[in-house]
Amino acid sequence: MKSSTGIAWLMLVVWAALAASVQLAWTHRIVPFGGHLAWWLPDVCLALLVAIAVHVPMRHVMGATLVLAIVRLGFTQDPPAAVLAGYGWVALLVQGLRTGVEVRGVVPRSLIAFAASLGVAVWGQVVHATRHGFQAHGLVPSEEVLAMAQRSLPQALVTCVLVGALGAGMARLPGLSPLYQVRRF
Amino acid sequence: MGSRRRGGLQVVVCLVLTVLSLWPVAPVERILSMLAWGTRPVLLVGRPLWGVGHSFAADDEDQARWEREAEESAFLEDWVREQAVPRSVSSASGVALHAEAVGRPEGKLDSLLVRVWHPGIVRVGMPVTTGDHYVGLVERVRLRQGPEGPFEDVSVQLITSGQARIQASLMDRGAEGEDGRFVVGGLLAPEDFELGPEREVLAVHHPSNRKLEGGEVFVNEPLDGGRDAAWLANGFRLGTLRRAPKPEEATRETLLGVLPGVDFESGLYQVLIHTGWTREELGPVHDEEVQRGRWVTIQRAPYVDGAPWREGFKLIQGARAGVQVGAAVAHGVRIVGRVTAVGPWHADVVGPGDSDFAVPGIAVWLHEGADSATFVMGRLRSLGRDAEGRVLLRWPATLAAPAGEPVRARLYTGSGDPGVPRGLLLGEAEIPVGPGPHVLVLEPPADSDVWTELRVFAFEEALR
């Protein structure tokens, strides 16, 4: 790995951590425990992941996923396996779509962000409920999953709007340009 | 590696992580949690923004409220300890040692782990009681060394254990109780007695008289030929005798059980161990509780959890600063969370609104004229928050609250968990009456978001 690429990964950590810090510190100021307001805040690490994954060369998608998942771990109590799995499936979705569809446009990247945010939020709740609430009964029932999806809609919508409006800019944040360099043989 | 093969590998990794998320495997969890060790620098990136958090200024009213809570907490510290002392039973002569419940050995519900601060006195077979109630017999004693000196972790075989047996009688059946002698030990299905699944029913074996109807059951071990020192518990209550409405299907015999007066599952906080030793034999024993842990001032990152379905925060100090998994995190005497994961330089704390949060609880009645100022509630587990931000707690109510109208109470932590000192404030709630389980709606204390200084409890972990 070239040093410039290493610096780009470091910058990605800084940008993601800074974005999450601003959002979560302000939320803490308004409602100390998060509460219902938290469902109306975008998942900034995931928004960055979608914005970057649709733009960077395919070889960097998994790297960006791992970096952003680790940053996300810094701001949540969710188990590492669940965060890595959730972000990993989003990366695979983007990679799969990129092989046959143009995903950099406003509409496709917004739709991907919506699906990814909804999926990751439901996934996180399913893992939490399975581990703590429903251990005696196995996996959560389907009606409960529907309720989780309903609860997660505001966050998915806001994340979708964020990626649609600012996705191109988020993918080109200062310091990330080495990720876009074409490999020379 | 070809892109197709790389893609296949990524799918396999994601599948494995998905399975591990739902069905965690402890060693893999530990390895993956090392990824979180690197999150402290991530948290510190936003440090210049921490000033934008809450206004931490507390006014005179806050100070007065905190002082009142601290007084009530100190009262509870003593009250819980006094619960072990018998009220109406005159115990046999000899020294009885105070011990505090700290958990369950190897997770077994039929055993209780208690901590004794005076090593070298307790022996296997000594009886254990709480208040006027018999609890069980000592089955194992392990000497340990802490920073404040040696102590012992003592395993008690509860009377609910399938192997436990104690001779008992109905004392109101004649002066000697000869009409109503039997052996008690182990549990029966509560459904046979038309009781809810949360209720415990002790099994009655070999009754001298199967026509027994009811009454108070007491320990009655023979002084000669009995086991070890079990007779020292003579006179302590086991509970109320109950006949099953229908005979047992296999034998067609009447099923007899005893409804205990204590909650063996989660309501045992303080106990007395009856040693049988005299003061002269032991020499001077100061039965005062040694400080069972200490508080460490700690700093948190002032962020809400990034996942709206979780409630908690991160500490920017970890194991190297003395933070342990299971430790209570408090502001003053208010509990604000419990540590669930620790790395060398960071720790995860879940708040009362997260379903990972559970503590032993005590209610302090807020109305005048209650028979007792307090009530032992057992283990309270969070079910999250309601739409108004109030914490919902599941209360099994193995022993229901005293009959009457639901009344308001202030809830504090009790004993039974080594990481949580007794007397920490949870909030106020209406306590429903009748058999459980119940959901309590907990209103957090006023100004519960004003956190001037956080501290974490450092304790001696219970041996498993």
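The values are calculated or read from the model by the stated rules, or taken from the named source; none is laboratory data. Bear in mind that the values here come from a model prediction, so they are computed numbers and not experimental data. Here the Cβ positions follow ideal geometry from the backbone for every residue, glycine too, while neighbour counts run over all protein chains shown. For the accessible areas, the whole protein counts, side chains as well, though only heavy atoms, and no ligand, DNA or RNA atoms are used. Shrake-Rupley method; radii C 1.70, N 1.55, O 1.52, S 1.80 Å.
Selection of the range B:314-328 for residues being β-branched (Val, Ile, Thr) and open to solvent by less than 20 Å² (accessible area, probe 1.4 Å) yields B:Ile316, B:Val323.
One line per residue, one yes/no per condition, for (1) closer than 29 Å to B:Ala400 by Cα; (2) more than 18 Å from the chain's Cα centre (by Cα); (3) assigned by TED's automatic domain parsing to the domain that holds B:Thr275:
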residue: B:Gly120; (1), (2), (3): no, yes, yes
residue: B:Val138; (1), (2), (3): yes, yes, yes
residue: B:Gln157; (1), (2), (3): yes, no, yes
residue: B:His206; (1), (2), (3): no, yes, yes
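Scanning the range A:56-94 for residues that are among the charged types (D, E, K, R) and not in a helix (DSSP H, G or I) yields one hit, A:Asp78.
Touching a His at 6+ places or on another chain (Cβ under 8 Å), outside any loop (DSSP other than H, G, I, E, B) and within 13 Å of chain B (Cβ to nearest Cβ), is that true of A:His28? Walk me through it before giving the result.
Details: touching a His at 6+ places or on another chain (Cβ under 8 Å): yes; outside any loop (DSSP other than H, G, I, E, B): yes; within 13 Å of chain B (Cβ to nearest Cβ): yes.
Yes; evaluated as a whole, the condition is true for this residue.
Residue selection: B:Arg338 satisfies the criterion of being open to solvent by 10 Å² or more (accessible area, probe 1.4 Å) and within 14 Å of chain A (Cβ to nearest Cβ).
When you scan the range B:191-203, do you find a residue that is farther than 22 Å from B:Val85 by Cα, among the basic types (Lys, Arg) and free of Cβ contacts under 8 Å to residues at least 60 places away in the same chain, even just one? Walk me through it before giving the result.
Within the range B:191-203, the first condition is being farther than 22 Å from B:Val85 by Cα, and the residues that meet it are B:191-203.
Applying the additional criterion that residues be among the basic types (Lys, Arg) yields B:199.
Keeping just the survivors that are free of Cβ contacts under 8 Å to residues at least 60 places away in the same chain gives none.
Taking every residue of the range B:191-203 in turn, none turns out to be farther than 22 Å from B:Val85 by Cα, among the basic types (Lys, Arg) and free of Cβ contacts under 8 Å to residues at least 60 places away in the same chain.
The set of residues from the range B:357-380 being in contact with a Ser or Thr (Cβ under 6 Å, 6 or more places away or on another chain) and within 14 Å of chain A (Cβ to nearest Cβ) comprises just one member, B:Phe357.
Would you point out the residue of the range A:91-111, among those that are open to solvent by 20 Å² or more (accessible area, probe 1.4 Å) and among the hydrophobic types (A, V, I, L, M, F, W, C), that is nearest to the other protein chains (Cβ to nearest Cβ)? Steps first, answer last, please.
From the range A:91-111, those open to solvent by 20 Å² or more (accessible area, probe 1.4 Å) are A:92-93, A:95-102, A:104-108, A:111; that's our starting set.
Remaining after also requiring among the hydrophobic types (A, V, I, L, M, F, W, C): A:92-93, A:97, A:101, A:106-107, A:111.
Numbers: A:Leu92: 6, A:Leu93: 10, A:Leu97: 13, A:Val101: 16, A:Val106: 26, A:Val107: 25, A:Leu111: 21 Å.
This residue is A:Leu92.
Please count how many residues of the range B:177-203 are open to solvent by 60 Å² or more (accessible area, probe 1.4 Å) and over 12 Å from B:Pro260 (Cα atoms). Number satisfying all stated conditions: 7.
Considering A:Gly167, A:Gly88, the condition of being more than 10 Å from chain B (Cβ to nearest Cβ) and farther than 16 Å from B:Gly306 by Cβ is satisfied by A:Gly167 alone. Scanning the range B:365-384 for residues that are touching a Leu at 6+ places or on another chain (Cβ under 7 Å) and buried (at least 20 other Cβ atoms within 10 Å of the Cβ) yields B:Leu380, B:Ser382.
Within the range B:63-84, can you find the residues that are of a type in the set (A, V, I, L, M) and either within 11 Å of B:Ile362 (Cβ to Cβ) or surrounded by 12 or more Cβ atoms within 10 Å (Cβ to Cβ) (or both)? B:Ala70, B:Ala74, B:Leu76, B:Val80, B:Ala84, listed by residue number.
Which of the residues belonging to the range A:141-185 are under 20 Å from A:Val54 (Cα atoms), among the hydroxyl-bearing types (Ser, Thr, Tyr) and out of contact with any helix residue (DSSP H, G or I) (no Cβ under 8 Å at 6 or more places or on another chain)? If you could, list the steps in order and put the result at the bottom.
The initial filter retains those residues of the range A:141-185 that are under 20 Å from A:Val54 (Cα atoms), namely A:156-183.
Still in the running and among the hydroxyl-bearing types (Ser, Thr, Tyr): A:159, A:177, A:180.
Within the range A:141-185, A:Tyr180 is the sole residue that qualifies.
Are any of the residues in the range A:6-18 more than 11 Å from every other protein chain (Cβ to nearest Cβ), open to solvent by 30 Å² or more (accessible area, probe 1.4 Å) and under 18 Å from the mean Cα position of the chain (by Cα)? Within the range A:6-18 (the criterion being more than 11 Å from every other protein chain (Cβ to nearest Cβ), open to solvent by 30 Å² or more (accessible area, probe 1.4 Å) and under 18 Å from the mean Cα position of the chain (by Cα)), the answer is yes, since at least one residue qualifies.
Could you pull out the residue among A:Phe114, A:Phe75 that is at the interface with chain B (Cβ under 9 Å from one of its Cβ atoms) and either touching a Pro at 6+ places or on another chain (Cβ under 6 Å) or in contact (Cβ under 8 Å) with a residue 40 or more places away in the chain (or both)? Steps first, please.
Details: A:Phe114 fails: at the interface with chain B (Cβ under 9 Å from one of its Cβ atoms).
From the options A:Phe114, A:Phe75, the qualifying one is A:Phe75.
Taking B:Gly423, is it within 13 Å of chain A (Cβ to nearest Cβ), over 18 Å from A:His132 (Cβ atoms), in contact with a helix residue (DSSP H, G or I) (Cβ under 8 Å, 6 or more places away or on another chain) and open to solvent by less than 10 Å² (accessible area, probe 1.4 Å)? Taking the combined requirement at face value, the residue does not satisfy it. Name the residues in the range B:14-28 that are at the interface with chain A (Cβ under 8 Å from one of its Cβ atoms) and loosely packed, with under 15 Cβ neighbours inside 10 Å, would you? Within the range B:14-28, B:Val28 is the sole residue that qualifies. Apart from one condition, A:Leu157 fits all of (1) more than 12 Å from chain B (Cβ to nearest Cβ); (2) assigned to a helix (DSSP H, G or I); (3) over 17 Å from the mean Cα position of the chain (by Cα); the exception is (3). Taking (1) modelled with pLDDT under 85; (2) open to solvent by 40 Å² or more (accessible area, probe 1.4 Å) in turn, B:His206 satisfies each apart from (1).
Residues in the range A:151-179 that are open to solvent by less than 50 Å² (accessible area, probe 1.4 Å) and under 21 Å from A:Ala38 (Cα atoms): A:Ser152, A:Pro154, A:Gln155, A:Ala156, A:Val158, A:Thr159, A:Cys160, A:Leu162, A:Val163, A:Gly164.
Could you say whether any residue in the range A:50-72 is in contact with a Pro (Cβ under 6 Å, 6 or more places away or on another chain) and within 30 Å of B:Asp356 (Cα to Cα)? Looking through the range A:50-72, none of the residues is in contact with a Pro (Cβ under 6 Å, 6 or more places away or on another chain) and within 30 Å of B:Asp356 (Cα to Cα). Answer yes or no: is there a residue in the range A:44-55 that is assigned to a loop (DSSP other than H, G, I, E, B), within 9 Å of another protein chain (Cβ to nearest Cβ) and closer than 16 Å to A:Gln155 by Cα. No, the conditions are met nowhere in the range A:44-55. All conditions in (1) within 11 Å of chain B (Cβ to nearest Cβ); (2) modelled with pLDDT of 90 or more hold for A:Ala38, with the sole exception of (2). Inclusion of A:Ala64 among residues that are more than 9 Å from chain B (Cβ to nearest Cβ), open to solvent by less than 10 Å² (accessible area, probe 1.4 Å) and more than 14 Å from A:Ser117 (Cα to Cα) is warranted. If the condition is being more than 26 Å from B:Arg140 (Cα to Cα) and touching a residue at least 40 places away in the same chain (Cβ under 8 Å), then the range B:219-247 contributes B:Leu241, B:Arg242, B:Ala244, B:Pro245, B:Lys246.
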